[in-house]
Amino acid sequence: MSNIDFTAYIRLEQLPDDVKKRNGGKAGAKIPRFDVTATAGYYKPLKDLQNNKGMVVAYLNETRGIIDSTDTRRADRFLMGKQGKDSVNISSVFLLDTAADGGNLYGYGNPNGNPKLRSGNTNPFYCNRTDGYLFLIAPDWKQIEWLVIPNGLCTILGNAKALADGVYNDALLTMRAAAKTYFDYWA
């Protein structure tokens, strides 16, 4: 067993089309939309990504054809959010070759470290640029569990392998149990 200090646990889910429509979203989008449904701990950039209803929405994009890099250096996916009218690169998502029990996928990434967005506005993740992210992705790609490790940028690959090896199972279970509804889409 190993101790790890996760700053936050963030659950992102692809909601059914009727739930998205009921909450002002669009159904049938080409790029998968993920809504933050539950969190444990606190992560300030989430607050900056909230829309006027209090929702946080992210989009999981393919990198091929968008990111100009060789296949060996390019992330598998990337998460984009919105801050007002600005698109915000939340994180690249690099996948490990190891699948979890039940076929879940493990991934890792880190926040965009640029001080400014393309628009010139402040990047909400800049103050957290040394954090590391772990992602546990459901086999059907309908749910992503995002774990934040403060100042974990330099050790994130090792942390991802430790998560895949079950080293952080207790910490993950604790964060899941502590998670509270972030926005109630079913109310």
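Name the one entry in Ala99, Ala75, Ala58 that is of a type in the set (A, V, I, L, M, F, W, C) and at pLDDT 90 or above.
Ala58
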For region 154-171, give me each residue that is part of a loop (DSSP other than H, G, I, E, B), touching a strand residue (DSSP E or B) at 6+ places or on another chain (Cβ under 9 Å) and either open to solvent by 20 Å² or more (accessible area, probe 1.4 Å) or under 13 Å from Ala8 (Cα atoms) (or both). Asp165
Does region 47-62 hold any residues that are in contact (Cβ under 8 Å) with a residue 40 or more places away in the chain and closer than 21 Å to Phe135 by Cβ, and which are they? Asp48, Leu49, Met55, Val56, Ala58, Leu60
Sort out which residues of region 1-43 are over 13 Å from Asp184 (Cα atoms) and of a type in the set (Gly, Ala, Ser), and write them in order of number. Ser2, Ala8, Gly24, Gly25, Ala27, Gly28, Ala29, Ala40, Gly41
Sort out which residues of region 123-153 are in contact with a Ser or Thr (Cβ under 8 Å, 6 or more places away or on another chain), outside any loop (DSSP other than H, G, I, E, B) and either open to solvent by 60 Å² or more (accessible area, probe 1.4 Å) or not aromatic (Phe, Trp, Tyr) (or both), and write them in order of number. Gly132, Val148, Ile149, Leu153
Out of (1) farther than 26 Å from Leu157 by Cα; (2) touching a helix residue (DSSP H, G or I) at 6+ places or on another chain (Cβ under 9 Å); (3) modelled with pLDDT of 85 or more; (4) hydrophobic (A, V, I, L, M, F, W, C), what's the single condition that is false for Val19? (2)
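Kindly indicate the residue of region 90-122 that is assigned to a helix (DSSP H, G or I) and either open to solvent by less than 10 Å² (accessible area, probe 1.4 Å) or small (Gly, Ala, Ser) (or both) and also nearest to Pro32 (Cα to Cα) among those meeting that condition.
Step by step, filter region 90-122, then rank; the result is Gly103.
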From the list Trp146, Trp186, pick out the single residue that is within 18 Å of the chain's Cα centre (by Cα) and under 19 Å from Phe34 (Cβ atoms). Trp146
Are there any pairs with C-beta distances below 7 angstrom linking a residue in region 14-36 that is more than 10 Å from Lys142 (Cα to Cα) to a residue that is open to solvent by 70 Å² or more (accessible area, probe 1.4 Å) and assigned to a strand (DSSP E or B), with the two at least 6 apart or on different chains, and if so which? Ile31/Tyr59
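The values are calculated or read from the model by the stated rules, or taken from the named source; none is laboratory data. This is a predicted model, so every value here is computed, not measured. Ideal geometry is used to build each Cβ from the backbone, glycine not excepted, and the neighbour counts take in all protein chains shown. Ligands, DNA and RNA are stripped out before the accessible areas are found, and what is left, the full protein with its side chains, is counted by its heavy atoms. Shrake-Rupley method; radii C 1.70, N 1.55, O 1.52, S 1.80 Å.
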